[in-house]
Amino acid sequence: MSIYVNEHTRVVVQGITGGAGSYHARQMVAYGTKVVAGVTPGKGGTKVDEIPVFDSVRQAVKETGADASCIFVPAPYCKDAILEAVDAGVKLVVCITEGVPVLDMLAVKPLVDRAGVRLIGPNCPGLISPAGRCKIGILPASIHQPGHIGVVSRSGTLTYEAVAQLTELGLGQSTAVGIGGDPIAGTGFIEVLQAFQDDPDTEAVVLIGEIGGSAEEKAAAFVKSHMTKPVIAFIAGRTAPPGRRMGHAGAIISGGEGTAESKIRVLKDCGIEVADTPADIGATLAGRIGWKR
Amino acid sequence: MKIHEYQAKAVLASFGVAVPRGTLATTPEEARVAAQGLGGSVWVVKAQVHAGGRGKGGGIKVAKSLDEVRDKAAAVIGMTLVTPQTGPEGRLVRKVYIEEGLAIARELYIAMVMDRETRTIVLMASTEGGMEIEEVAAHTPERIHKEFIDFQVGIQPFHVRNTCTALGLTGVAAKRAATFLPALYKAFVDKDASLAEINPMVVTADGDLLALDAKVNFDDNALFRHPDIAALRDTDEEDPLEVRATAHDLNYIKLSGDIGNLVNGAGLAMATMDTIQHFGGSPANFLDVGGSADRARVKAAFEIILSDNPKAILVNIFGGIMKCDVIAEGVVAAARDVGLTVPLVVRLQGTNRDAGREILAKSGLRITPVESMREAAEAVVRASRGE
């Protein structure tokens, strides 16, 4: 079992004829993901390997029964691409692209919510369910293995770091979800935590946050009041200077809020163990659940 | 992206936000001519740098004659202005904005910012104009009035009425606010601002409402659709290394320590800095080389890191999209090209890790290869101490 995706998920890749789109569509197929269609306006009727390309998401859904979309189109076109996927009736949209304007997301988010669509990202690595052999996004498949740990993270490569440590310890993953580092994310920590809590195959959760905003604080309160499964965390950015955007649009300490210290304090107050360094993420979880290989 | 006060006022004025009349000057004589052109008997000479708190540092001066305008401009232009926001090194003042003096009755605070929790645009107002809003927020948060504006619908008259009530604006001033605030909102959304702060917004003796100061920041990700705003960038106000990094699509921020680092991914880069500090070291920079770095970009990254004169460098790559062998080739080439002499600790994980490690081993360069993040941090901290 897993959350959001499984072996039946049928994926359409928007922007499949671009460099990143075609490369990662192939990687997804190689992993086992059912990539049933691609979309590039004007390239309908062509193919990327065996994957048929359509002019619109609506056509792709009609012809192939795609129920999830993975977006690689350039940032200026993401608003359009997300709304097109929603309009076509896709239930899960994963937007990998980074650099989407904040106001575009402010415009898109209520429409996505109203349609009952699950949007992950933008500016995220996507998600992977090792047991279902389903990967939507750009996560390196080789470090994952099937298991019972849920991973949710605002960062890309730091997710890989955590997953690799878990796998090294023999702790496989039920699903790993990168929710992205933007100020307005389609899906937040709390929704993913709720899904992990409800997923019978997830036994414990690793939460990886970073400076900026108060999503981690709210997630901590949620864990305390709504979760029975063990959760451990890591927060990146203890040494980040205030007022500077640390790569991610959302990773900025402003007005003294959103510091790593305050987040770590709140997490600990809510009974969540926090790894001191990223090198300790795997060991912290293993310790928390009493795992010995 | 940040812009200067004079630029912000021009942008806001084009949307109908009332601002005092002013002229930019780069020499004392230009300043005097500017004041003459504005007319009146009182002028304000304002240093134009990308930092707040200019008044405290002596960057804003009142002049009561044209000669005084010239003399005060002469004092400000070329000065190194130190304010709470510039850091101790200060900022060189290259230009001044000459503005008409106003008869000020009240100083108020107005700002707009995107609120990620409520996913609205927040209109903040306070009677504590001229103060630093962070201090007001810390000590008297009840004095900050907030209106949450739904982006789908936009600013409504009730938002303006509520704000006027909170600020005690009545009569002519309230009428002016009904133009001022919607114009500010329109400028914010039309130009993809991330912050628009008017501190202070002044009420004049006549009841007029004007933006006496203006700070507007823009969403970098939206600059593609605002070439007019992008053209306002002043690279004189940015760290030269950061300007160079941006030209190479590198995410680089200069810090004060002595251990350079090159990492892929912003989260991992922050975490790497944290780990270095955890083991007693001090990072010299944040550098996210991005997801698709090639040899040229890795080389540029090395050159930028070396400009900080670090005592040791840590390369920490978790190959996903990025392949470790490609990075390894880039590291070796860059180390040779720049004649690297400082100790280099390299950690490669993920895609094509073994191929990457082999390239490093065969390079003949003095590279300390490490497996884990802990080892990486410990090794680079030791190296930075000459151990």
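The values are calculated or read from the model by the stated rules, or taken from the named source; none is laboratory data. This structure is a prediction, so every number in the text was calculated from the model and none was measured. So basically every Cβ, Gly included, is an ideal-geometry build from the backbone, and we count neighbours across all protein chains shown. Just the protein is used for accessible areas: all its heavy atoms, side chains included, with ligands, DNA and RNA removed. Shrake-Rupley method; radii C 1.70, N 1.55, O 1.52, S 1.80 Å.
Values computed for the structure shown
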quantity	calculated
Residues of segment B:156-187 that turn out to be within 14 Å of chain A (Cβ to nearest Cβ) and touching a helix residue (DSSP H, G or I) at 6+ places or on another chain (Cβ under 9 Å), as a count	2
Residue ID - farthest from the other protein chains (Cβ to nearest Cβ), chosen from residues in segment A:98-121 that are open to solvent by 20 Å² or more (accessible area, probe 1.4 Å) and part of a loop (DSSP other than H, G, I, E, B)	A:GLY116
Candidate set from segment B:207-222 (those that are in contact with a Pro (Cβ under 6 Å, 6 or more places away or on another chain) and not in a helix (DSSP H, G or I)); member that is farthest from the other protein chains (Cβ to nearest Cβ)	B:LEU210
Every residue from segment A:1-45 that is of a type outside the set (Phe, Trp, Tyr), open to solvent by 30 Å² or more (accessible area, probe 1.4 Å) and either part of a strand (DSSP E or B) or within 21 Å of A:GLN173 (Cα to Cα) (or both)	A:MET1, A:ASN6, A:GLU7, A:HIS8, A:ARG10, A:GLN27, A:VAL29, A:ALA30, A:GLY32, A:LYS34
Residues (on the phi > 0 side of the Ramachandran plot and either over 23 Å from the mean Cα position of the chain (by Cα) or more than 12 Å from every other protein chain (Cβ to nearest Cβ) (or both)) located in segment A:258-293	A:GLY271, A:GLY290
Within segment A:46-64, considering residues that are touching a helix residue (DSSP H, G or I) at 6+ places or on another chain (Cβ under 9 Å) and farther than 25 Å from A:TYR4 by Cα, the one surrounded by the most Cβ atoms within 10 Å (Cβ to Cβ)	A:VAL48
Residue in segment B:293-302 that is within 26 Å of A:GLY126 (Cα to Cα) and within 14 Å of chain A (Cβ to nearest Cβ) present	yes
Some residue of segment B:98-118 being of a type in the set (A, V, I, L, M, F, W, C), surrounded by fewer than 18 Cβ atoms within 10 Å (Cβ to Cβ) and either assigned to a helix (DSSP H, G or I) or without any contact (Cβ under 8 Å) to a residue 24 or more places away in the chain (or both)	no
First in segment B:67-93 and on the phi > 0 side of the Ramachandran plot, second anywhere and open to solvent by less than 50 Å² (accessible area, probe 1.4 Å), Cβ under 7 Å, 6 or more apart	B:GLY78/B:VAL93; B:GLY90/B:LEU81
Residue check, A:CYS134 open to solvent by less than 10 Å² (accessible area, probe 1.4 Å) and within 12 Å of the chain's Cα centre (by Cα)	no
Residue in segment B:271-278 that is more than 7 Å from chain A (Cβ to nearest Cβ), among the β-branched types (Val, Ile, Thr) and buried (at least 20 other Cβ atoms within 10 Å of the Cβ) present	yes
Failed item, numbered, when B:HIS159 is tested on (1) free of Cβ contacts under 8 Å to residues at least 40 places away in the same chain; (2) not in a helix (DSSP H, G or I)	(2)
Within segment A:169-184, considering residues that are at pLDDT below 95 and open to solvent by 10 Å² or more (accessible area, probe 1.4 Å), the one farthest from A:GLY121 (Cα to Cα)	A:PRO183
Failed item, numbered, when B:GLY356 is tested on (1) on the phi > 0 side of the Ramachandran plot; (2) without any contact (Cβ under 8 Å) to a residue 40 or more places away in the chain	(1)
Test set (1) at pLDDT below 90; (2) open to solvent by 70 Å² or more (accessible area, probe 1.4 Å); (3) on the phi < 0 side of the Ramachandran plot - B:THR351 fails condition number	(2)
Check on B:LYS311, more than 17 Å from A:LEU158 (Cα to Cα), among the basic types (Lys, Arg) and open to solvent by 40 Å² or more (accessible area, probe 1.4 Å)	yes
Residues being outside any helix (DSSP H, G or I), surrounded by 18 or more Cβ atoms within 10 Å (Cβ to Cβ) and not charged (D, E, K, R) - total across segment A:189-202	1
Matching residues in segment B:353-387 - criterion: being within 10 Å of chain A (Cβ to nearest Cβ) and more than 17 Å from B:VAL263 (Cβ to Cβ)	none
Tally of residues being touching a strand residue (DSSP E or B) at 6+ places or on another chain (Cβ under 6 Å) and free of Cβ contacts under 8 Å to residues at least 40 places away in the same chain across segment A:248-267	1
Residue within segment B:317-332 that is more than 13 Å from chain A (Cβ to nearest Cβ), within 14 Å of B:VAL345 (Cα to Cα) and either among the polar types (S, T, N, Q) or crowded, with 24+ Cβ neighbours inside 10 Å (or both) present	yes
Flag if A:LEU139 is open to solvent by less than 10 Å² (accessible area, probe 1.4 Å) and within 16 Å of the chain's Cα centre (by Cα)	yes
Condition check for A:GLY213: touching a residue at least 24 places away in the same chain (Cβ under 8 Å), in a loop (DSSP other than H, G, I, E, B) and either open to solvent by less than 30 Å² (accessible area, probe 1.4 Å) or within 14 Å of another protein chain (Cβ to nearest Cβ) (or both)	yes
Residue match in segment B:195-204 (condition: open to solvent by 10 Å² or more (accessible area, probe 1.4 Å), more than 10 Å from chain A (Cβ to nearest Cβ), without any contact (Cβ under 8 Å) to a residue 24 or more places away in the chain and of a type in the set (Ser, Thr, Tyr))	no
So B:LYS186, is it more than 19 Å from B:THR204 (Cα to Cα), at pLDDT 95 or above and surrounded by fewer than 19 Cβ atoms within 10 Å (Cβ to Cβ)	yes
Residues satisfying the stated conditions in segment B:280-290, i.e. open to solvent by 10 Å² or more (accessible area, probe 1.4 Å) and at pLDDT below 95	B:ASP288, B:GLY290
Residue list for segment A:153-178, restricted to those being more than 13 Å from chain B (Cβ to nearest Cβ) and either closer than 15 Å to A:TYR4 by Cα or in contact (Cβ under 8 Å) with a residue 60 or more places away in the chain (or both)	A:LEU166, A:GLY170, A:LEU171, A:GLN173, A:SER174, A:THR175, A:VAL177
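Every residue, every condition in (1) among the aromatic types (Phe, Trp, Tyr); (2) free of Cβ contacts under 8 Å to residues at least 12 places away in the same chain; (3) more than 30 Å from B:GLY78 (Cα to Cα); (4) open to solvent by 20 Å² or more (accessible area, probe 1.4 Å), yes or no:
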| position | (1), (2), (3), (4) |
| --- | --- |
| B:ALA214 | no, no, no, no |
| B:VAL243 | no, yes, no, yes |
| B:ASN264 | no, no, yes, no |
| B:SER292 | no, no, yes, yes |
